[in-house]
Each structure stands twice: as C-alpha cells, then as structure tokens.
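Comments concern the structure below.
The values are calculated or read from the model by the stated rules, or taken from the named source; none is laboratory data. Worth saying up front: this structure is predicted, and the values here are computed from it rather than measured. Ideal geometry is used to build each Cβ from the backbone, glycine not excepted, and the neighbour counts take in all protein chains shown.
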C-alpha cells in the first residue's frame with residue numbers, strides 16, 4: 001500500500017503535467033490602455049460539450065474603457081468596486097456601481113468605460129462557444 005506522501009506527490013506531478021501540456025487558447029484580453037482582463041476560471045458547462053464558462057477579473061482605470069467588442073455567447077458582468085458605464089450598440093448608456101450587474105446577449109457589440117475616479121473592478125462571466133475567441137474586437141467601430 002502506498003503512503004499518503006507518495007500518493008500526494010504523484011497527484012501533484014500529474015496535475016503539473018496536465019497544466020503544462022494542456023492546450024492553450026490565445027489570450028482573450030483585448031488590447032486597450034488602462035483595461036486589463038484576467039481569466040481566473042475556465043470550466044465546462046455541465047454536460048454541454050461545445051460551451052465553456054469563463055470567469056474574468058477585470059480592472060479599468062479611471063477614464064479608460066474596454067474596446068468595442070462582442071462575445072460568442074452570453075456575458076454577465078458585475079461591479080465589485082467603482083462606477084462604470086455600459087454602452088451597448090443601439091441602446092442608451094447604463095451606469096452601474098458596486099453591487100450591480102448586467103446581462104449582455106450573444107453577439108451584442110458593447111464596451112464598458114470607467115466613469116469614476118478610482119479603478120473599477122469587475123467580475124465578468126462568459127458562457128461561450130468552446131474553442132472560439134472569447135472576445136471579438138470591433139476595430140472599425142465609431143463611437
């Protein structure tokens with residue numbers, strides 16, 4: 001019978017090997033000054049093989065914004081700290097503060113800007129098509 005230490009070391013080595021050899025998706029973070037997005041969880045959506053859940057930690061500096069973009073799936077955003085404005089094409093801007101959240105359907109072009117005086121911290125949950133770029137930047141968008 002193997003000792004607990006041997007089992008723990010073996011399990012750790014297997015997890016490290018999986019982390020190093022797992023296929024990587026290109027960075028989902030759009031390039032924009034004062035905007036950063038870091039995926040903190042990527043997980044399957046139950047038994048749905050062609051979708052994945054992505055939980056992002058986002059920081060937007062005062063006066064900065066995300067680029068205009070859409071997602072190949074649903075987007076749920078919530079403000080942890082600060083004040084932001086969500087601008088969805090064809091709709092008036094909506095302002096959100098800490099503790100408030102929104103839903104953005106598949107393919108809807110939008111951007112989020114920090115209209116406050118402190119860095120805005122957001123949590124963003126995407127349920128998107130697996131294997132597709134999670135963010136589709138719209139580079140020729142006029143504001």
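Of note:
- All positions within the range 70-90 that are in a strand (DSSP E or B) and within 21 Å of residue 48 (Cβ to Cβ): 70, 73, 74, 75, 76
For (1) under 24 Å from residue 33 (Cα atoms); (2) under 16 Å from the mean Cα position of the chain (by Cα), each residue gets a yes or a no:
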{"position": "52", "(1), (2)": "no, yes"}
{"position": "59", "(1), (2)": "yes, yes"}
{"position": "64", "(1), (2)": "yes, no"}
{"position": "124", "(1), (2)": "yes, yes"}
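- Residues being in a strand (DSSP E or B) and either closer than 24 Å to residue 140 by Cβ or modelled with pLDDT under 95 (or both) - total across the range 51-69: 4
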